[in-house]
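What follows is a set of notes on a single structure, which appears directly below.
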Amino acid sequence: MSPTELRFADWIRWSPAQPGVALLNVDVPSRGRTRQLDAVIWTRQRCIVIDLKGFRSPQNGTLVVPPNGPWHMDDGRVADIYGNDDHHNPMAQVQTNCLATKDWASQVIGRKRFVYGLVLVMLLPGQDVPFLDADAHPDMTDIIIEDFDVFRYYLHRLGTYRAQWTADEVDSLLTRLGVEHLYADRTVIAEALEEPTHAT
């Protein structure tokens with residue numbers, strides 16, 4: 001994995017008490033092909049597709065996310081982020097991945113499900129990007145500049161929302177992705193999601 005992906009993997013390992021299932025570097029079917037997702041996280045409340053973005057060179061200041069076009073810094077320079085240029089930007093990429101994941105997951109489980117997007121921007125050593133100017137970003141999509149505490153809070157607050165996903169559904173999707181060998185059985189998924197058990 002890239003240094004950005006390795007740092008994110010550390011974040012996942014540092015959050016053992018957070019309910020959820022996380023996959024890194026996973027391909028999902030899309031129109032007869034596949035789309036690679038940097039990461040996808042399931043909690044009982046949401047499925048979140050994560051696009052990990054890193055700077056190629058150190059740029060300091062506020063990161064500005066306009067409604068259209070490439071992201072830039074507050075001094076006017078285009079942000080030197082992978083996948084950010086006149087033809088692409090991180091927001092468009094994560095939205096495309098969310099749509100592909102939503103269509104595939106809804107087809108597999110036979111019910112429409114929303115999929116949320118998160119762009120996680122990781123910084124270079126010593127880089128200072130203290131603020132984000134993103135007033136016009138799309139619904140169901142968030143941006144976090146590298147901050148483990150903010151990421152942990154982002155996941156923690158999901159517990160206040162209504163449950164949307166079951167262990168059976170997540171297990172079915174993981175099986176279709178061919179990663180069921182990574183865990184013993186469905187009960188592992190139920191425990192990871194902290195799905196309530198009902199006594200009979």
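Farthest toward the positive end of the dipole of region 52-200, out of Ile144, Thr175, Phe55, is the Cα of Thr175, where the dipole comes from beta carbon charges about the Cα centre. In this structure, the amide hydrogen of Gly54, modeled 1.01 Å from its nitrogen in the peptide plane, lies closer than 5 angstrom to those of Tyr82, Met122, counting only residues at least 5 positions away or on a different chain. Qualifying chymotrypsin sites (Phe, Trp or Tyr not before Pro) in region 86-122, where qualification requires a DSSP coil assignment and no more than 12 other C-beta atoms within 10 Å, comprise Phe114. Using θ = phi - 60° in the Karplus curve 6.51 cos²θ - 1.76 cosθ + 1.60, the 3J(HN,Hα) couplings for region 136-149 round to 10, 7, x, 4, 6, 9, 10, 10, 10, 7, 2, 6, 4, 5 Hz; x is entered for Gly and Pro. I need the shape label for region 142-200. Rule: rounded when a/c is under 1.5, else prolate if a/b > b/c, else oblate, with a, b, c from the alpha carbon gyration tensor. It is oblate, given that a/c is not under 1.5 and a/b is not larger than b/c. Shape analysis of region 1-127 places it in the oblate category; the axes a ≥ b ≥ c from the Cα gyration tensor give an a/c of at least 1.5, with a/b not above b/c. For the options Glu169, Glu180, Glu146, a Gaussian network treatment of the chain with springs between C-alpha atoms closer than 10 Å singles out Glu180 as fluctuating the most.
In region 8-68, which trypsin sites (Lys or Arg not before Pro) fall in coil by DSSP and have 16 or fewer other Cβ atoms within 10 Å?
Those satisfying the criteria are Arg31, Arg56.
The slack in the chain from Tyr153 to Ser57, taken as 0.36 nm per residue of separation less the alpha-carbon distance, amounts to 31.7 nm. In region 68-200, a dipole from Cβ-located charges (positive for Lys and Arg, negative for Asp and Glu) runs towards its positive end, and of Gly76, Val119, Gln107 it is Gln107 whose Cα lies farthest in that direction. Within the full protein context, the accessible area of Tyr153 is estimated at about 140 Å² for a probe radius of 1.4 Å.
Seen through its C-alpha gyration tensor, with square-root eigenvalues sorted a ≥ b ≥ c, region 69-200 comes out prolate because a/c lies at 1.5 or above while a/b is bigger than b/c. Each DSSP beta bridge with both residues in the chain is either parallel or antiparallel, and the antiparallel ones are about 55%.
The values are calculated or read from the model by the stated rules, or taken from the named source; none is laboratory data. These figures come from a predicted structure and were not determined experimentally. Glycine also receives a Cβ, built like all others from the backbone with ideal geometry; neighbour counts cover every protein chain displayed. Accessible surface areas use protein heavy atoms only, side chains included; no ligands, DNA or RNA. Shrake-Rupley method; radii C 1.70, N 1.55, O 1.52, S 1.80 Å.
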